[in-house]
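Let me begin by presenting the structure, written as structure tokens, before commenting on it.
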Amino acid sequence: MNNIELDIWRGEWGLASIDIECLKVLTYMKFIGVPVRVREVSNPFFTPKGTLPVLRDGRKALTNFEEVVTYLKSLDYSTDVHLNTKQAAEASAFTQHIREKLYPAYQFAWWVDEKNYADLTRPTYAKALQIPFNFYYPSKYQKAAKEMIDALYGEHTDLREIEKTVYSEAEKCLKTLSDRLGESEYFFGNRPSSFDATVFAYLAPLYKAPFPNGTLASHVKGIANLTRFVARINQKNFRHVTDEYNKQNATKQSTGTQSDREAANFPNQTRNKILAAIFAGIAMTGYAVANGMFQDLKEFEHTQDYSDMFENEADDN
Amino acid sequence: MGTVHAKAQADNVSTVGGLFELDEPDTLEVAIPKPTIKLNGVRARVDRVHVDGLSRTKDDIVRSAVDELFHATDFEDVILKAHKARRSLDSLGCFKDIGVYIDVSSGPGSTPEGLEVTFQVRELSRIVGGINTTVSENEGNLVLGVRLPNVAGRGERVSAEYSVGHRSSSNFSVAATKPFPKSALEPVVTTSVYQQNHEYPWSGYRLLDRGVLLDVAFRTSPATKHNLQWEGTVRDASVLSKTTSFKVRESSGPVLKSVIRHIVTVDHRDEAIFPTHGTRVQFSSELAGLGGGVANIKTELQAEANKEIVPGVVVQLTGAAGVLHDVFGTEIPELFYLGGPATIRGFQQRGAGPHCDGLATGGTMYWASGLHLYTPLPFQPGKGGLGELFRSHLFLNGGCLAHPEEKTQAIIESLSSVRVSCGAGVALRLGRVARVELNYCFPLRAAAGDAPAPGIQLGVSAHFL
Amino acid sequence: MPEMSLKDSIITSLSAQEPWPDNVKLFQPYEVEQILLPDNASCLAVQAFLKMCNLPFEVEMRWNAEFMSPSGRVPFIKCGAFVVSELEPIVQFAANKGVSLCSKLSTEERAEMRAYMSLITNVLVNAELYISWVDQDTYNTVTRIRNSSVYPWPLGWIQTRSKRNAVIKRLKALHWYDKTLEQVLADVEQCCNSLSQRLGDKDYFFGTPTELDALVFGHVFTIITTRLPCRKLADTVRRHVSLVALAKRVDEQYFKRA
């Protein structure tokens, strides 16, 4: 029996993983039903290419989706056998189409959009990584995403223009996908394929992750058949993940309001403030003593006494 | 000016007037005859010259500056030559303070009429930095510079500058200068490497220039300055926006240009900004094409004459003309442009001349002239102080810019569609190099397609027409 | 429905009011001594598309065509006051004027067509860039000489180096720079496979000529007719007989060359 292990980024918001590649591989494996031990890894430093997912089987280590599909096919695990050659060609064409049009928009929304990066992406990855890697990897991935956007759309100088172009291309692509899917259950017949895994991996985070700037996400949510597609796959393959997340969320909600949540994040706010004030007071006093200000004070007191004596004399005059 | 101390034989000269010389001098009953010394009657010669304070400056250039002193024959001559030596030491650019002390010579080797002259100098520090502003073509720039004066001891200078303006960004230049004070005509050789990034929104393009400039400057007379230059640049033009006219778009792309230039300036004015009398003529000629992708011949002449008709009131006549002959490769950024607060007032910047889709596309020939009247401000407020910085100003400007085919008939025709404007305003001096003008202009005659700008116009520049 | 920005809709309605003018010009680099493999493919594809649509145009060759282009890539057309570059925007522009080759296709077929066009853009274009600029042989003997031929000496050297750095940066960002030549050729093989499968033994991909046929023609024809020191790319493509046949067919029908 093969001993397949899969290292992925941890999940959040009811997703099995926050990363597209990991989600692609995971979903595909769920489609096939191959037994695999999934590990949530918090340190991509020791992986062959510095990225996740990594699929390990014995000595083999595979790092991207295409390699995994090919390898699993060699082990006779594949869902693509029901595709004829024409459909397989079409699938590969559509994969490239998504890569050309949707992937840049996805990377833009995740990494390049400043608000999303600061409020959503960075904290999520920081939580998923151990110290000190949570300082290094998010900015490394952001840099790679920015370079890709620059390579494809570098002739525009205004970030807003790039954003508009990127999102409008993505919207056209989504329409194409929606047209192709039509009313069928999956893209190629009524059995899922690797292409369905790819599409799911792109769309699911857009549905689940709470983007501060959610232009792309709201557009996706407006397409009915894609929404049903994502919900269907989620229901069939990731029900336990969603259920667990919902449970967690429910408990969190019942424990309090906004300020309570803030308090939960900063449990000892008042204590911290008092400690900070005491520390500052000690620091300033110590500085004053070191500079001999108290000496001067004492002298000042003395002079006060003397001048009292003099004043009296002066008054006598 | 420096200080000249001279210890002469003390005579009975009584100083009157108290400590600050503000008191009225006491009237004496008997007028004490003030002894006068005729300096040129006193025979003197210079026995020794000391120069104190040298550390890295080399001896030979200092020696050549003070050599003249040994040829002095009388006391007046000594003082005059000492002044001249001081000026030439100053022009070496190596020293900060120069003080001159003249004393009677004593000690071994001294002659009865001998004098000792001591120059006390302070060398400039090894590295000098500064922030200043420059003004050019209606925009101001902030310049951060670092200079290494007197690097190898003979007056060489290395300077690096970075400047930012509101229509240009990230310009820098690194320049090395070496004067040759001992050679005839005292040439100064400068090499510089620069990058300039400049926007020209009136013509719709942006230029990124990177190049090398080699310059030899010398004077054939105190008022005549020559510059002989070779410049090699890569000029990268790009349009400013997606909707810029196609004609300007056709000039996009990088071009290599290699130019030989000669500029001669004869300046007899008494002052650069508000001259009261004198003339200035500048003639520059450029030959591009020995290497590179652009070949053309460009000549330009500028002249200015001033005369004070009544004390305080100055009449100025200015003129300029230019001809460009294109062999191949000349594009829009190379051509002449006319119009703006520094040339023909009353028109937008580059507003007089051929236009295409509202953008100035330049011409190959132009002439322009101006007649100005400068008077002090009416009612002369702040006379003697702040008021001296201002002048009120009446002007009449005219000129024409054309892009004709090279036939005499066509040239004469196209250059006769004159643009004329007149107006009045106030001019303010900025230091000794630049001027700010605020004028109210009436464009009297404009050709179709021009961009006149009647009304108030503000101009900042170092050189106005 | 994809939302159009206000500017796009204004441009659409403005340009739709005027018919295709007579003096449309297509700008590209000099064909004989300057143009490189990827640019030649794009230019041929646009020319084929315009010819298929029966839209008259004139080809003008300029040394600075890529600098004149608003997106920095060739070819671009000047149509009245509009300047549009690259195939997809030009197709969109023609569609706005009511000229379209895919009006008879169903929505699914149109979706498929766009997907296949993405395939070519992602694979063939990047492969051509790789061969021209990263493969040392081709770069030194062909690309460098052709690219610097329009500049005087020192500028040519500077320009070519800076263009090479820009191309490498782009390939790195798209994860193509780390591939070996064998991997690139394998990707090209897979792409051509998909295209052949879809084409089958039909004359055109969707019965009548569409922009997909124009794009396939542009790239396949350029690859098999350009002499390069590295013959493997041409050999890989030439093995797919149906694609070569399509290219020859388009050439004979629309370009009337021998």
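Laid out as a table, the results:
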quantity: Count of the range B:294-331 residues which are over 21 Å from the mean Cα position of the chain (by Cα) and under 19 Å from B:GLU231 (Cβ atoms); calculated: 13
quantity: From A:THR51, A:THR70, residue being within 14 Å of chain C (Cβ to nearest Cβ), surrounded by fewer than 20 Cβ atoms within 10 Å (Cβ to Cβ) and outside any helix (DSSP H, G or I); calculated: A:THR51
quantity: Neighbours by Cβ (under 8 Å, 6+ apart or cross-chain): first from the range A:79-104, more than 9 Å from chain C (Cβ to nearest Cβ); second of a type outside the set (Ser, Thr, Tyr) and open to solvent by 50 Å² or more (accessible area, probe 1.4 Å); calculated: A:THR79/A:ARG191; A:ASP80/A:LYS73; A:HIS82/A:ARG191
quantity: Residues of the range B:79-122 that turn out to be outside any loop (DSSP other than H, G, I, E, B) and either in contact with a strand residue (DSSP E or B) (Cβ under 6 Å, 6 or more places away or on another chain) or open to solvent by 50 Å² or more (accessible area, probe 1.4 Å) (or both), as a count; calculated: 28
quantity: Within the range C:92-117, considering residues that are among the polar types (S, T, N, Q) and within 11 Å of chain A (Cβ to nearest Cβ), the one least open to solvent (accessible area, probe 1.4 Å); calculated: C:SER106
quantity: Odd one out for B:ILE263, checked against (1) free of Cβ contacts under 8 Å to residues at least 12 places away in the same chain; (2) closer than 30 Å to B:TYR374 by Cβ; calculated: (1)
quantity: Considering residues of the range A:153-164 that are more than 8 Å from every other protein chain (Cβ to nearest Cβ) and open to solvent by 40 Å² or more (accessible area, probe 1.4 Å) only, the residue nearest to A:ILE223 (Cα to Cα); calculated: A:GLU163
quantity: In the range B:333-357, residue farthest from B:SER241 (Cα to Cα) [restricted to those that are of a type in the set (A, V, I, L, M) and open to solvent by 10 Å² or more (accessible area, probe 1.4 Å)]; calculated: B:ALA342
quantity: Within the range C:209-225, considering residues that are of a type in the set (Val, Ile, Thr) and within 19 Å of C:VAL241 (Cβ to Cβ), the one most open to solvent (accessible area, probe 1.4 Å); calculated: C:THR225
quantity: Some residue of the range A:7-28 being in a strand (DSSP E or B), open to solvent by less than 50 Å² (accessible area, probe 1.4 Å) and modelled with pLDDT of 80 or more; calculated: yes
quantity: Unmet requirement for C:ASN54, which otherwise passes all of (1) within 14 Å of chain B (Cβ to nearest Cβ); (2) surrounded by fewer than 23 Cβ atoms within 10 Å (Cβ to Cβ); (3) not aromatic (Phe, Trp, Tyr); calculated: (1)
quantity: Filter pass, A:SER78 being at pLDDT 80 or above and either farther than 25 Å from A:ALA151 by Cα or among the hydrophobic types (A, V, I, L, M, F, W, C) (or both); calculated: no
quantity: Condition check for B:THR220: assigned to a strand (DSSP E or B), farther than 28 Å from B:LEU359 by Cβ, out of contact with any strand residue (DSSP E or B) (no Cβ under 6 Å at 6 or more places or on another chain) and without any contact (Cβ under 8 Å) to a residue 40 or more places away in the chain; calculated: yes
quantity: The range B:316-329, subset open to solvent by less than 80 Å² (accessible area, probe 1.4 Å) and of a type in the set (A, V, I, L, M, F, W, C), residue nearest to B:LEU465 (Cα to Cα); calculated: B:ALA320
quantity: Condition broken by C:ILE131, with the remaining ones in (1) in a helix (DSSP H, G or I); (2) more than 13 Å from chain A (Cβ to nearest Cβ); (3) open to solvent by 50 Å² or more (accessible area, probe 1.4 Å) satisfied; calculated: (3)
quantity: Selection within the range B:439-453 - in contact with a His (Cβ under 9 Å, 6 or more places away or on another chain) and farther than 18 Å from B:ASP357 by Cα; calculated: B:ASN439
quantity: Failed condition for A:LYS115, given (1) out of contact with any Ser or Thr (no Cβ under 8 Å at 6 or more places or on another chain); (2) of a type in the set (Lys, Arg); (3) touching a residue at least 60 places away in the same chain (Cβ under 8 Å); (4) within 14 Å of another protein chain (Cβ to nearest Cβ); calculated: (4)
quantity: Residue in the range B:169-190 that is nearest to B:LEU240 (Cα to Cα), counting only those that are without any contact (Cβ under 8 Å) to a residue 40 or more places away in the chain and open to solvent by 60 Å² or more (accessible area, probe 1.4 Å); calculated: B:PHE172
quantity: Sole exception among (1) open to solvent by 40 Å² or more (accessible area, probe 1.4 Å); (2) outside any loop (DSSP other than H, G, I, E, B) for A:PRO35, by number; calculated: (2)
quantity: The range A:239-258 residues that are within 11 Å of A:GLY11 (Cβ to Cβ), paired with ones that are at pLDDT 80 or above and part of a helix (DSSP H, G or I) (beta carbon under 6 Å, 6 or more apart); calculated: none
quantity: In the range C:58-89, the residues that are away from every other protein chain (no Cβ under 13 Å) and buried (at least 20 other Cβ atoms within 10 Å of the Cβ); calculated: C:PRO75, C:LEU87
quantity: First in the range C:20-32 and in a strand (DSSP E or B), second anywhere and modelled with pLDDT under 90, Cβ under 6 Å, 6 or more apart; calculated: C:GLN28/C:VAL74
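The values are calculated or read from the model by the stated rules, or taken from the named source; none is laboratory data. Because the structure is a prediction, the values reported are computed rather than measured. Glycine gets a Cβ as well: all are built from the backbone with ideal geometry, and neighbour counts include every protein chain shown. Just the protein is used for accessible areas: all its heavy atoms, side chains included, with ligands, DNA and RNA removed. Shrake-Rupley method; radii C 1.70, N 1.55, O 1.52, S 1.80 Å.
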